[in-house]
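Heads up: the structure comes next, in structure tokens.
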Amino acid sequence: MDPWLIWLIIAAGLVVVEIFTLTAALGMLGVAALVTAGLAAIGLPLPFQFLAFGVLSAATLLFVRPLALRHVLQPQPARFGTDALVGKPARVLTEVTGADGRVRIDGEEWTARSYDETLVISAGTTVDVIEIRGATALVYPRD
């Protein structure tokens with residue numbers, strides 16, 4: 001069997017295992033094996049293939065992997081607008097039913113409806129904002 005084909009099989013195996021582990025290490029080794037397969041295909045002798053694989057593996061693990069992990073592990077972007085209101089507490093100003101009502105969220109008055117349309121929430125109750133639809137907050141009482 002040709003050496004380039006062996007390197008190609010090794011690369012494929014490493015990439016498949018990387019898909020299941022998500023460590024980014026085996027994927028980098030798979031890339032190094034793929035490049036080594038290309039070098040073997042153009043006729044690089046076997047000792048130099050191992051040297052190339054070692055150098056490429058070290059380079060990708062030391063330089064590319066930290067960049068990839070930093071990109072993957074970034075915190076979630078901040079929520080803005082109405083998305084930022086979901087999950088916040090609100091105070092019921094006028095009785096909230098499945099049809100209408102008013103609540104105060106972060107100092108602003110909003111029209112509101114009960115998330116559970118059969119529920120009637122009395123004034124003064126603290127509720128959680130479950131969803132925002134247009135200019136209406138769908139709320140549910142806190143337990």
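The values are calculated or read from the model by the stated rules, or taken from the named source; none is laboratory data. On a predicted model such as this, the values are computed, not experimentally measured, just so you know. Ideal geometry is used to build each Cβ from the backbone, glycine not excepted, and the neighbour counts take in all protein chains shown. For the accessible areas, the whole protein counts, side chains as well, though only heavy atoms, and no ligand, DNA or RNA atoms are used. Shrake-Rupley method; radii C 1.70, N 1.55, O 1.52, S 1.80 Å.
Things to note:
- Just one of the numbered conditions (1) modelled with pLDDT under 95; (2) aliphatic (A, V, I, L, M); (3) open to solvent by 50 Å² or more (accessible area, probe 1.4 Å) is not true of Leu29: (3).
- The C-beta contact set for the stretch 119-135 (first residue at positive phi, second residue open to solvent by 60 Å² or more (accessible area, probe 1.4 Å) and assigned to a strand (DSSP E or B), distance under 8 angstrom, 6+ apart or interchain) comprises Gly124/Arg91.
- Boolean, Arg70 is assigned to a loop (DSSP other than H, G, I, E, B) and basic (Lys, Arg): no
- Every residue from the stretch 84-115 that is assigned to a strand (DSSP E or B) and hydrophobic (A, V, I, L, M, F, W, C): Ala90, Val92, Leu93, Val96, Val103, Ile105, Trp110, Ala112
- Any chance Ala37 is modelled with pLDDT of 95 or more and open to solvent by less than 60 Å² (accessible area, probe 1.4 Å): yes
- Within the stretch 117-134, considering residues that are at pLDDT 90 or above and part of a loop (DSSP other than H, G, I, E, B), the one most open to solvent (accessible area, probe 1.4 Å): Thr118
- Hits in the stretch 49-68 - residues which are over 32 Å from the mean Cα position of the chain (by Cα) and surrounded by 13 or more Cβ atoms within 10 Å (Cβ to Cβ): Gln49, Leu51, Ala52
- Subset of the stretch 11-49 (residues that are assigned to a helix (DSSP H, G or I) and either more than 27 Å from Arg70 (Cα to Cα) or among the polar types (S, T, N, Q) (or both)): Thr21, Thr36, Ala37, Gly38, Leu39, Ala40, Ala41, Leu46, Pro47, Phe48, Gln49
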